[in-house]
Amino acid sequence: MASKRSISRYLGRAMMLRCPVCGISRIFLPVLQTRSLRDWFTPLDGCPRCGYPYEREPGYFLASVWLINYGVGSLLGVSIYLFLEAFYHLDLLVLFATVLTPIALFNFFFARHSKAIFIAVDHLCDPHEKDGGDDGGNVPNPTLPTSDSGGPAKPLGLPVRKEPKPSHKSTVLH
Ligand SMILES: [Zn+2]
């Protein structure tokens, strides 16, 4: 069971868009280096310091988008709607615009944080521990210090999907 200290530490790192393990490296490109929407929404492959892979498998971030980003955005929209209905009597089109515009902006700017929070919660619940087996994931830069140990980074032992070896028997089609 994760302690309250680790929860707050990991979530704090997520809100800073930093690696959950070392707390130093960025999960996304810096804003000034962002050149496209893809740069904005796509996390880097992994942490260059500790080797923590940000996307464990294809489709990994679906839950972060649907549960965290859209979920919090929906709560925000409902809150704005209830507030406006209680205190103002707006036309329907104005009401739609007043409710939907902040949701769209929120979803855009919170998308990175929702992925970072998902990475942090996933690491909290299912941490990658070195098991002495395969050394999957990214290769960390051993010259960069980590915040946890202060020493050289160690690669994480992540399970690696092993592809079946191609058979040497060839099938000849006639
Ligand atoms: Zn890291």
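Results, tabulated for the structure shown:
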read-out: Residue match in the range 53-66 (condition: over 16 Å from the mean Cα position of the chain (by Cα), open to solvent by 20 Å² or more (accessible area, probe 1.4 Å) and either within 16 Å of the ligand (Cβ to nearest atom) or at pLDDT 95 or above (or both)); value: no
read-out: Positions within the range 1-10 being hydroxyl-bearing (S, T, Y) and either outside any helix (DSSP H, G or I) or open to solvent by less than 60 Å² (accessible area, probe 1.4 Å) (or both), in sequence order; value: S3, S6, Y10
read-out: Count of the range 11-40 residues which are within 14 Å of I117 (Cα to Cα), more than 12 Å from the ligand (Cβ to nearest atom), in contact (Cβ under 8 Å) with a residue 12 or more places away in the chain and not in a loop (DSSP other than H, G, I, E, B); value: 3
read-out: The range 92-110, subset over 18 Å from L82 (Cα atoms) and exposed (fewer than 13 other Cβ atoms within 10 Å of the Cβ), residue farthest from the chain's Cα centre (by Cα); value: L105
read-out: Lone unmet requirement of (1) open to solvent by less than 50 Å² (accessible area, probe 1.4 Å); (2) out of contact with any Lys or Arg (no Cβ under 6 Å at 6 or more places or on another chain); (3) within 16 Å of the ligand (Cβ to nearest atom) for D45; value: (1)
read-out: Selection status of G46, in contact with a strand residue (DSSP E or B) (Cβ under 6 Å, 6 or more places away or on another chain), in contact (Cβ under 8 Å) with a residue 24 or more places away in the chain and within 14 Å of I119 (Cα to Cα); value: yes
read-out: Of all residues in the range 51-66 being of a type in the set (A, V, I, L, M, F, W, C) and touching a residue at least 40 places away in the same chain (Cβ under 8 Å), the one that is nearest to F109 (Cα to Cα); value: V65
read-out: Single match in I27, I80 (criterion: within 17 Å of F110 (Cβ to Cβ) and touching a strand residue (DSSP E or B) at 6+ places or on another chain (Cβ under 8 Å)); value: I27
read-out: Unmet requirement for L84, which otherwise passes all of (1) touching a Ser or Thr at 6+ places or on another chain (Cβ under 9 Å); (2) more than 20 Å from A120 (Cβ to Cβ); (3) assigned to a loop (DSSP other than H, G, I, E, B); value: (3)
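The values are calculated or read from the model by the stated rules, or taken from the named source; none is laboratory data. All values derive from a computational prediction rather than experimental measurement. Cβ: placed from backbone, ideal geometry, glycine included. Neighbour counts: every protein chain shown. We work out accessible area using only protein heavy atoms, side chains counted, and drop any ligands, DNA or RNA first. Shrake-Rupley method; radii C 1.70, N 1.55, O 1.52, S 1.80 Å.
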